[in-house]
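Colleague: Please see the structure below; I have some questions.
The values are calculated or read from the model by the stated rules, or taken from the named source; none is laboratory data. Note that the coordinates shown come from a computational prediction; the quantities given were computed from them, not determined experimentally. Neighbour counts are summed over all protein chains in view; Cβ atoms, including those assigned to glycine, are modelled from backbone coordinates with ideal geometry.
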Amino acid sequence: MVVASRLIPIGIIVLCFAVGMISFYIMSDSPKDQKKKRMDELISQLVNFVLFIWLGKIILHFSIFIKDPLAILAYPGNSDSFYLAVLFIVIVLVYKSFRKQMNVLTFMESFLHVFLVASFLYEFIQVIWNDNSYAFGYLILLSVLLILFFLLFRWLTASLLIMVMLIGWSFGMWILTSIQPFVTVFGYIMEAWFVGLFFTLSLVILIYKIRKGDVQ
């Protein structure tokens, strides 16, 4: 029963991202080989993110890991391990971009599609199946962002679309953290400082790009 209670949430997340991937594959107008390449990169980075969450758990509970490495498996991933995973994945993306191994704009555009669809489905399940009233606010935010994403997709440059979505997401999340006891993303509680930092960085990058003339 305990194992099942832990596997069910994981299974729901996997299902949601699978639906997000299928949605991206169906709706993308890229050639088939490019869509396959993008999906392979998405899956690779999602796997990396999961591994980074485990690495974050090890770092945060290092003394326990030294005494009993298998015991770390019993520790649920908390928000701190999620934040570390975000930091690590950003470092990987910056490194790959610097080494010309990845077009980060193309990756982020694809990831936003998958993330928004997967998140919407996950929160919808939380509201309908688990009767989680605190998920309703985030579900509304995701609905708005999804509509904007598909409306603006063909009208904005990739960099501007990404910035608009990141700012919209972080600003919406900041409002939710102000009016709700807590807000979660795939079960991980988002702290106000993290959302605020995310919003500030996104806004600074957008202003910098506008001044450089990199967005239209």
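Colleague: In region 160-167, is there at least one residue being surrounded by 14 or more Cβ atoms within 10 Å (Cβ to Cβ) and within 21 Å of Ile12 (Cα to Cα)?
Modeller: There is no residue in region 160-167 that is surrounded by 14 or more Cβ atoms within 10 Å (Cβ to Cβ) and within 21 Å of Ile12 (Cα to Cα).
Colleague: Test Phe198 against the criterion of being surrounded by fewer than 18 Cβ atoms within 10 Å (Cβ to Cβ), in contact with a helix residue (DSSP H, G or I) (Cβ under 7 Å, 6 or more places away or on another chain) and in a helix (DSSP H, G or I), and give yes or no.
Modeller: On the way: surrounded by fewer than 18 Cβ atoms within 10 Å (Cβ to Cβ): no; in contact with a helix residue (DSSP H, G or I) (Cβ under 7 Å, 6 or more places away or on another chain): yes; in a helix (DSSP H, G or I): yes.
Considered against the rule, which asks whether it is surrounded by fewer than 18 Cβ atoms within 10 Å (Cβ to Cβ), in contact with a helix residue (DSSP H, G or I) (Cβ under 7 Å, 6 or more places away or on another chain) and in a helix (DSSP H, G or I), Phe198 comes out as no.
Colleague: For region 100-120, give me each residue that is modelled with pLDDT of 85 or more and of a type in the set (Val, Ile, Thr).
Modeller: Thr106, Val114, Val117
Colleague: List the helices (runs of 4 or more DSSP H) inside region 1-89, counting only whole elements, that have at least 2 residues being at pLDDT 90 or above and farther than 23 Å from Phe124 by Cβ.
Modeller: 32-60
Colleague: In the set Ala118, Ala85, which member is in contact (Cβ under 8 Å) with a residue 40 or more places away in the chain and among the hydrophobic types (A, V, I, L, M, F, W, C)? Explain how you work it out, then say what you get.
Modeller: Details: Ala85 fails: in contact (Cβ under 8 Å) with a residue 40 or more places away in the chain.
From the options Ala118, Ala85, the qualifying one is Ala118.
Colleague: Pairs please, first residue from region 129-151 and touching a residue at least 12 places away in the same chain (Cβ under 8 Å), second anywhere and of a type in the set (Ser, Thr, Tyr), Cβ atoms under 6 Å, 6+ apart in sequence or on different chains.
Modeller: From residues that are touching a residue at least 12 places away in the same chain (Cβ under 8 Å), the pairs are Leu142/Ser119.
Colleague: How many residues are in contact (Cβ under 8 Å) with a residue 40 or more places away in the chain and under 18 Å from the mean Cα position of the chain (by Cα) when one looks only at region 165-190?
Modeller: Residues flagged as in contact (Cβ under 8 Å) with a residue 40 or more places away in the chain and under 18 Å from the mean Cα position of the chain (by Cα) within region 165-190 amount to 10.
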